[in-house]
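Every read-out reported here was derived from the displayed coordinates using simple, explicitly stated rules and does not represent laboratory data. None of the values given here were measured: they were computed from a predicted structure. Here the Cβ positions follow ideal geometry from the backbone for every residue, glycine too, while neighbour counts run over all protein chains shown.
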Amino acid sequence: MRSVPVILPVPHVVALVLVAACAGPAANLVPSPGESVDIRASYYGRALVGRKTASGEPYDPALFTASHASLPMGTILRVTRLPDGPSVEVRVNDRCGCTHGRQLDLSEAAARRLNMLRVGAVKVRIELVDRRPAR
C-alpha cells in the first residue's frame, strides 16, 4: 500500500501528526480471527483508578480490561505472556497512546495474572477471541 501526500490547512496538520503517531506500526498489530500477534504490553497504574476510559466506564483495576490503539471497544483478547507464561482474557474498553514500543495496556488484575507487576512491560501474544460490540 502506497502513501499519498495530502496537503491540509494548518489546524489539521497538528491533528494529522497526532493521529499518525498513534496509528503507526502499533495500530497494524491487530490479530485476525484465528491468528495471533506478538506485541509489548504494560499496565495501568493506580493513579488512574476511577478515571473514565474511552468507553465511558471508570477504570477498575480489579476488572480484566485493556486499552488498544484500534481494536473496537468490547473486543475480547486472549493475552499470553511470552515465551511460555500464563494467559488471561481481557475486554478492550479504552484507547492507548502506544508509547515506548508498547501496543497494549492492561488492567492491574490482568497484569497480576500475567506476573508482570514487577517488570512493568513484557512481550505478549494476543489472540482475538470475540469482537463484541461495547455495551
Listing Asp94, Asp60, Asp130, Asp84 by rising number of other beta-carbon atoms within 10 angstrom, fewest first, gives Asp84, Asp130, Asp60, Asp94
Using only the Cα atoms of region 79-131, construct the convex hull and provide its projected area averaged over every direction, in square nanometres to one decimal.
3.8
Sorted by Cβ density within 10 Å, fewest first, the residues Ile39, Ile126, Ile76:
Ile76, Ile39, Ile126
Listed with the fewest Cβ neighbours within 10 Å leading, Arg81, Arg40 appear as Arg40, Arg81
